[in-house]
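The values are calculated or read from the model by the stated rules, or taken from the named source; none is laboratory data. These numbers come from a predicted model, not from an experiment. So basically every Cβ, Gly included, is an ideal-geometry build from the backbone, and we count neighbours across all protein chains shown. When the accessible area is computed, the model is the full protein with side chains, heavy atoms only, and any ligands, DNA or RNA have been set aside. Shrake-Rupley method; radii C 1.70, N 1.55, O 1.52, S 1.80 Å.
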Amino acid sequence: MKLRLMLAFASTLFCVAAQAGEVTVAVAANFTAPMQKIAKAFEQDTGHKAQLAFGATGKFYAQIKNGAPFAVLLAADDETPARLEKEGFAVAGTRFTYATGRLALWSKQPNMVDDKGEVLRSQSFEKLGIHKIAMADPKLAPYGAAAMEVIKTLGVQANVMPKLVQGDSIGQTYQFVSTENAQLGFVALSQISVDGRITQGSAWVVPQSMHTPLKQGAVLLNAGKDNAAAHALLKYLKGDTAKAIITRYGYAL
């Protein structure tokens, strides 16, 4: 009886291994931390492995159009997946919003940023030790476009623009601020908080009314049309395990 159970268990493991696949995923940089955790849980639960590449949504769009073999795109907006679907680079009917992001103004210094972002109106940045203010390139990164909207809404272009440095992605923007090469920066809330708490420094969580909603779209790309792991990942992102991880990092569903 014991031998029979062992053989049945081994057979099950063999079937899972035989069915397990791999999916290459282009992931918006803001979603780095939660996606790393989701990928680990996905592999444990399904046997499928997700190979992750992180970067700016605009760059991924160009790479996909030029033949990059990504099977799934997790964008920082919902426009890019819709465009790829319309242009024939993604599978029709597979697009959905997997998260809605939040933008934050952040400093590594504990008392630098107030809870209303009034620091951006300062007439003496140098006295505050602020020499550079970082944001992602608005042409490549939706979070950068949102940051530019906030700057214009606040009417602080004259203050901020001379100090501005741009990262290729929100990931690079975070690096500028975390290394204090920039003393302030617009980053994704998910990069600086867990369970609703800012992990370091000081931050202003930007009201969503101040910029276009950061709805983030997922889509199955043509390279993943016949990839079981790609289909499984998109299904997994809609499940309770993934949703719990996503909300933990400050995203709305």
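Label point of Leu164 set 7 angstrom out along Cα-Cβ; within the stretch 86-105, amide nitrogens under 17 Å from it belong to 104-105. Amide H contacts for Gly185 (H built 1.01 Å from N in the peptide plane; partners 5 or more residues away or on another chain; cut-off under 5 Å): Trp106, Ala134.
Each residue of the stretch 239-247 was assigned a 3J(HN,Hα) from its phi angle through the Karplus expression (A = 6.51, B = -1.76, C = 1.60, θ = phi - 60°), giving x, 5, 4, 5, 4, 5, 5, 4, 5 Hz with x at Gly and Pro.
Heavy-atom accessible surface of the chain, averaged per residue, reaches 49 Å², computed with a 1.4 Å probe. Here is how the number arises for the chain: DSSP H runs of 4 or more residues each give -39500 (n - 2.57), the sum is divided by the residue count, and the result at 222 nm is -11500 deg cm²/dmol.
Measuring against 26 Å, Cα to Cα, the residue pairs Lys37/Lys116; Lys37/Lys235; Lys37/Lys238; Lys65/Lys215 contain Lys37/Lys116 as the ones spanning a longer distance.
Residues of the stretch 186-220 falling in the label zone of Thr97, defined by backbone nitrogen less than 18 Å from a point 7 Å along Cα to beta-carbon, are 189-190, 206-220. Give me the percent of accessible area attributable to carbon and sulfur for the stretch 31-155, probe 1.4 angstrom. Accessible surface attributable to carbon and sulfur in the stretch 31-155 totals 47 percent.
Relative contact order of the stretch 83-227: 43 percent, from C-alpha pairs under 8 Å at least 6 residues apart in sequence. Close amide-amide hydrogen proximity is noted between Val206 and Leu103, Ala104, Leu105, each under 5 Å apart and 5 or more residues distant or on a separate chain (H modeled in the peptide plane; Pro and chain starts excluded). For the stretch 69-146, the dipole from Cβ point charges (+1 on Lys and Arg, -1 on Asp and Glu) about the Cα centre works out to 160 debye, to the nearest 20.
Per-residue Karplus couplings for the stretch 64-81, computed as 6.51 cos²θ - 1.76 cosθ + 1.60 with θ equal to phi - 60°, are listed in order as 5, 5, 9, x, 4, x, 6, 9, 9, 10, 10, 8, 8, 9, 9, 6, 5, x Hz, Gly and Pro entered as x. Label-to-label distance for Gln157 and Arg248 is 4.2 nm, based on points extended 7 Å past Cα in the beta-carbon direction. Note: relative contact order over the chain, using C-alpha pairs below 8 Å and six or more positions apart, is 30 percent. Taken about its Cα centre, the chain carries a charge dipole of about 340 debye when Lys and Arg each add +1 at the Cβ and Asp and Glu each add -1 at the Cβ.
Since only Leu184, Gly224, Tyr249 are under comparison, the one whose Cα sits farthest along the positive direction of the charge dipole of the stretch 146-253, derived from C-beta charges on Lys, Arg, Asp and Glu, is Gly224. A crude spin-label estimate for the pair Gln109 and Thr212, with each label 7 Å from Cα along the Cβ direction, gives 3.3 nm.
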